[in-house]
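Notes to accompany the following structure.
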Ligand code: GUN
């Protein structure tokens, strides 16, 4: 079997076009959605990420501001900026890029963001809302994975989903979203003794570990949907995921590539969340 590709670039293009249309309609009523992206320090990867986020906003017609501060910024100064952005009516979404310098308590900063503007979905209130099925912002990466399943017409209802990884940003919210969609969910992690035993039973596998070749062909049930959240580099420095793509794509029914899979969807869902925050504020 050769798996069909779930193309995150094509799906992003389609969703971002829809965001652009809704943004236009909202802007015509005087409510242009606004995202504030806050970067502290000079982490090169973070600089690329925030630039991509700001550009994506611009391309879809959203207003965005990039606030860049030196690594020497104090926690109190950053908290003051977050409080000011909470009060700014032109800003509907606030994203503080992680990681933050070690002297700043990231948890404290995220908790300072108004849950109404928490478009990353990292606030404890957002996580709690997801857990109990209340409205709130879903973290962008797992939300994007759900959209990818939807795009191929694949319902998780009654399926067995295995999530590899238990991070607060991907693994845990991914499990919650799949559960909310009526899947039976298993969460595996670094202390799971026999990973393959679980993944071989899965109709859906989401790999979110941050290590190459976590999922190989012998670990996959024929026809399964495989979603690769990993972003790693191989020996040649080439971008690759957590999944052995060449091997697994011979067994799986559907697979997301890296690059061009989940990656673009994360930014797309950030735009969706920011637009939704603005739509709620305009009601
Ligand atoms: N660092 C890496 N990914 C992310 C993300 O999605 N949001 C934020 N705020 N920081 C990140």
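Just so it is clear, none of the values below were taken in a lab; they were calculated from the coordinates. All values derive from a computational prediction rather than experimental measurement. As a convention, Cβ positions derive from the backbone with ideal geometry for all residues, glycine included, and neighbour counts pool all protein chains shown.
Quick rundown of the values:
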| quantity | calculated |
| --- | --- |
| Residue list for the range 152-178, restricted to those being assigned to a loop (DSSP other than H, G, I, E, B) and over 17 Å from residue 125 (Cα atoms) | 152, 153, 154, 155, 156, 157, 158, 159, 165, 166 |
| Residues satisfying the stated conditions in the range 23-52, i.e. within 11 Å of the ligand (Cβ to nearest atom) and assigned to a loop (DSSP other than H, G, I, E, B) | 43 |
| Any hit, the range 119-134, residues being away from the ligand (no atom under 13 Å from the Cβ), assigned to a loop (DSSP other than H, G, I, E, B), touching a helix residue (DSSP H, G or I) at 6+ places or on another chain (Cβ under 7 Å) and within 28 Å of residue 183 (Cα to Cα) | yes |
| Filtered residues of the range 63-75 (kept if touching a strand residue (DSSP E or B) at 6+ places or on another chain (Cβ under 7 Å) and over 11 Å from residue 36 (Cα atoms)) | 69, 71, 73 |
| From 220, 187, 214, residue being under 22 Å from the mean Cα position of the chain (by Cα) and more than 10 Å from residue 162 (Cα to Cα) | 214 |
| Whichever residue in the range 91-113 is within 30 Å of residue 31 (Cβ to Cβ) and in contact (Cβ under 8 Å) with a residue 60 or more places away in the chain and, among such residues, is surrounded by the fewest Cβ atoms within 10 Å (Cβ to Cβ) | 97 |
| Unique residue being within 16 Å of the ligand (Cβ to nearest atom), over 29 Å from residue 113 (Cα atoms) and not in a strand (DSSP E or B) when the list is 272, 251, 258, 209 | 258 |
| Candidates 75, 150 - the one that is touching a helix residue (DSSP H, G or I) at 6+ places or on another chain (Cβ under 8 Å), more than 15 Å from the ligand (Cβ to nearest atom) and without any contact (Cβ under 8 Å) to a residue 60 or more places away in the chain | 75 |
| Selected residue (only one of 58, 103, 107 is over 30 Å from residue 225 (Cβ atoms), assigned to a helix (DSSP H, G or I) and away from the ligand (no atom under 13 Å from the Cβ)) | 58 |
